[in-house]
1. Filter segment 26-62 for residues that are more than 30 Å from LEU7 (Cβ to Cβ) and charged (D, E, K, R); which is surrounded by the fewest Cβ atoms within 10 Å (Cβ to Cβ)?
2. Can you say whether ALA153 is within 14 Å of ligand 2 (Cβ to nearest atom) and assigned to a loop (DSSP other than H, G, I, E, B), as far as the supplied structure shows?
3. Could you list, in sequence order, the residues of segment 110-150 that are assigned to a loop (DSSP other than H, G, I, E, B) and more than 18 Å from ARG192 (Cα to Cα)?
4. Given the residues GLY90, GLY107, GLY138, which is the only one that is under 22 Å from ARG27 (Cα atoms), crowded, with 20+ Cβ neighbours inside 10 Å and away from ligand 2 (no atom under 16 Å from the Cβ)?
5. Return the residue satisfying two criteria in turn: it lies in segment 66-84 and is in a strand (DSSP E or B) and not aliphatic (A, V, I, L, M), and of such residues it is farthest from ligand 1 (Cβ to nearest atom).
Amino acid sequence: MSTQTDLSTIADFDPGTGVSSTREPIRRRVSDMQAYYADQEAAAAAVAGGDPLVYEYYDMGVQSTSGDVAYGTSTTFPGKVGDEYFMTKGHYHQVRDRAEVYFGLKGHGMLLLQTEEGAFTATEMGPGTVAYVPPCWGHRTVNTGDEDFVFLAVYPGDAGHDYGSIETTGFARRVVGVDGTPTLTDNAEFAR
Ligand code: S6P
Ligand code: ZN
């Protein structure tokens, strides 16, 4: 059996930083996801004050077939919008039953998981943490520390990404700083 994957296109990355020297990252600033944050005044002020980079991630270029295993690194920078920590947009996989494994490389964060049926759970991540995203669970990561939060993500090549569902409903919980401690709070705008 032959594979159509061109191995010369498969990228490597620095396991200390997540950075790949051969691929361009996808970058998200506050302005790319202003409506995701609870404090709209703080989000507007952040955009006006320089529009900081919230996160960047590399897709390492594996082709999107069910037999391939895609992987990438993701870096969420330290920071907050209001009292809410910097986070990824979050998504379900387009093919819902495709699972994913995260492996913590640097810094500290939280992985939020939810189902479309209303279940929610969260797990803390740090260097060496292995976290599993089961089939059908939406996932978002949050940097709860004061350095870059970096992890490796590995998932089936045909998983795809559905951002629209999270954009519409939000996540059931937000992660905010309460007296300096990352704390899960109910999201008042969450619409199941
Ligand atoms: C891909 C995996 C991660 C995210 C990355 C950015 O399935 O879950 O590589 O793509 O953390 O998050 P998001 O929600 O913008 O794709
Ligand atoms: Zn994913």
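A short reminder: the numbers here are calculations on the coordinates, not readings from a lab. Model, not experiment: these values are computed from the prediction. Positions of Cβ are backbone-derived with ideal geometry, glycine not excepted, and every protein chain shown enters the neighbour counts.
1. First, the residues of segment 26-62 that are more than 30 Å from LEU7 (Cβ to Cβ): 29-54.
Subset that is charged (D, E, K, R): 29, 32, 39, 41, 51.
On the way: ARG29: 16, ASP32: 15, ASP39: 15, GLU41: 10, ASP51: 13.
Restricting to residues being more than 30 Å from LEU7 (Cβ to Cβ) and charged (D, E, K, R), the top hit is GLU41.
2. Values: within 14 Å of ligand 2 (Cβ to nearest atom): yes; assigned to a loop (DSSP other than H, G, I, E, B): no.
No, not satisfied.
3. Step one: list which residues in segment 110-150 are assigned to a loop (DSSP other than H, G, I, E, B), which gives 115-119, 126-129, 134-137, 144-148.
Within segment 110-150, GLY126, PRO127, GLY128, THR129, PRO134, PRO135, THR144, GLY145, ASP146, GLU147, ASP148 meet the criteria.
4. Values: GLY90 fails: away from ligand 2 (no atom under 16 Å from the Cβ); GLY138 fails: away from ligand 2 (no atom under 16 Å from the Cβ).
The conditions single out GLY107.
5. Of all residues in segment 66-84, those in a strand (DSSP E or B) come to 69-76, 80-81, 84.
Add one more test, that the residue is not aliphatic (A, V, I, L, M), and what stays is 71-76, 80, 84.
Values: TYR71: 8, GLY72: 4, THR73: 7, SER74: 3, THR75: 9, THR76: 8, LYS80: 18, GLU84: 16 Å.
In this case the residue turns out to be LYS80.
Per-residue answers, yes or no, for (1) in a loop (DSSP other than H, G, I, E, B); (2) touching a residue at least 40 places away in the same chain (Cβ under 8 Å); (3) under 15 Å from THR141 (Cβ atoms):
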residue: ASP14; (1), (2), (3): yes, no, no
residue: ARG23; (1), (2), (3): yes, no, no
residue: ALA38; (1), (2), (3): yes, yes, no
residue: ALA45; (1), (2), (3): no, no, no
